[in-house]
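Q: To start, I am sharing the structure in question, which I have written as structure tokens.
Since every read-out is calculated from the coordinates, none of them should be taken as a lab result. Because the structure is predicted, anything quoted here is derived from the model rather than measured. Please note: Cβ atoms are built from the backbone with ideal geometry, for glycine as well, and neighbour counts cover all protein chains shown.
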């Protein structure tokens, strides 16, 4: 990405806003710039009268590799300093009334999966995978992953995903209902745009109010309520205060296996 390019791009096609995470050199790993740009793009889509549906995708061969662990290892924030309330990538706590579709065009583990869990619908490339590998780095899936995964798949499957950190194939994600469609290699965005087009052809007010009813009627158990995020925040503080939370990103940056101490 050149200095003149935004870390997230925004364009509208036939009433569909496409937000492209734009750090392809690092598989769109999230730093502060990406959080700020993606959050601003999502806010723009919410206010844009020409936009009826939002599609989020990634530039290059990845959707989102999660948090930029090198930034974390260096002690730098990965959040938008002006809108911390939007949380990871400026997306995971940034609720808008318009439908949001994740077009998972490639690598999407960790925070990438948490963006998918925050989206209303998802399309995944047949070669892509999902998963919450944070436990392998001494971290916590704190961007809504633990709050939402067990509401979207059976409890024991959610526990396996959270505790093992192992990836889930596109086929398994579809089988579990984590995604709506599997796209042939390289076509996640076009397939997502096709799905978005079906939605955009419907009455905008009807669609937005339908989303509001779905959200509000289940707000206490979908990973959006303040009480749930308070529990999540307490757990995150405990994890991030540990020595292992420093060791995981450091080991990643140094390309070695982590040496856990359990402290």
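Q: How large is Rg over Rh for the stretch 169-263, taking Rg from the Cα atoms and Rh as the Kirkwood inverse mean of 1/r across Cα pairs?
A: Numbers: Rg = 20.4 Å, Rh = 17.9 Å.
Rg/Rh: 1.14.
Q: In Å and on Cα atoms, what radius of gyration and Dmax does the stretch 27-67 show?
A: Answer for the stretch 27-67, Rg first and Dmax second: 11.5, 32 Å.
Q: If every alpha-carbon in the stretch 9-87 counts as one equal scatterer, what log10 I(q)/I(0) does Debye give at q = 0.19 1/Å?
A: Taking Cα atoms of the stretch 9-87 as identical point scatterers yields -0.79.
Q: Give me 259, 13, 250 ranked fewest to most by other Cβ atoms within 10 Å of their Cβ, as a rough exposure proxy.
A: Details: 259 10, 13 14, 250 19.
In order of increasing Cβ crowding within 10 Å: 259, 13, 250.
Q: Next question. For the stretch 89-166, what is the Kirkwood estimate of the hydrodynamic radius, computed as the reciprocal of the mean inverse distance between distinct Cα atoms, to one decimal in Å? Spell out each step's value before the answer.
A: Numbers: mean 1/r = 0.0785 Å⁻¹.
After inverting the pairwise mean of 1/r, the radius is 12.7 Å.
Q: So what's the angle, to the nearest 10 degrees on a 0 to 90 scale, between helix 32-47 and the longest Cα principal axis of the chain?
A: Taking the Cα atoms of the chain, the angle to 32-47 is about 20 degrees.
Q: In whole percent, what relative contact order does the stretch 81-128 give with Cα contacts below 8 Å and a gap of six or more residues? Let's see the in-between values first.
A: Numbers: 53 pairs, mean separation 17.8, N = 48.
Value for the stretch 81-128: 37 percent.
Q: Given C-alpha coordinates of the stretch 158-205, what is the ratio Rg to Rh with the Kirkwood estimate of Rh?
A: Numbers: Rg = 14.5 Å, Rh = 12.9 Å.
Ratio of gyration radius to Kirkwood radius: 1.13.
Q: For the chain, take every pair of Cα atoms, bin their distances at 5 Å starting from 0, and report each bin as a whole percent.
A: The distribution over the chain is 1, 6, 13, 19, 20, 18, 13, 6, 3, 1, 0, 0, given as percents.
Q: Which order do 236, 185, 20 fall in if you start with the one that has the fewest other Cβ atoms within 10 Å?
A: Values: 236 18, 185 11, 20 24.
Fewest-to-most ranking of 236, 185, 20: 185, 236, 20.
Q: Another question, if that's okay. With N denoting the number of residues in the stretch 62-214, provide Rg(C-alpha) divided by 2.2 N^0.38 Å, to two decimal places.
A: Relative to the rule-of-thumb radius for its length, the stretch 62-214 sits at 1.05.
Q: Sorted from fewest to most neighbouring beta carbons within 10 Å, what does the list 23, 93, 172 look like?
A: Values: 23 24, 93 19, 172 15.
The order, fewest Cβ neighbours first, is 172, 93, 23.
Q: GNM, the chain, Cα, under 10 Å: largest mean-square fluctuation among 205, 100, 135?
A: 205
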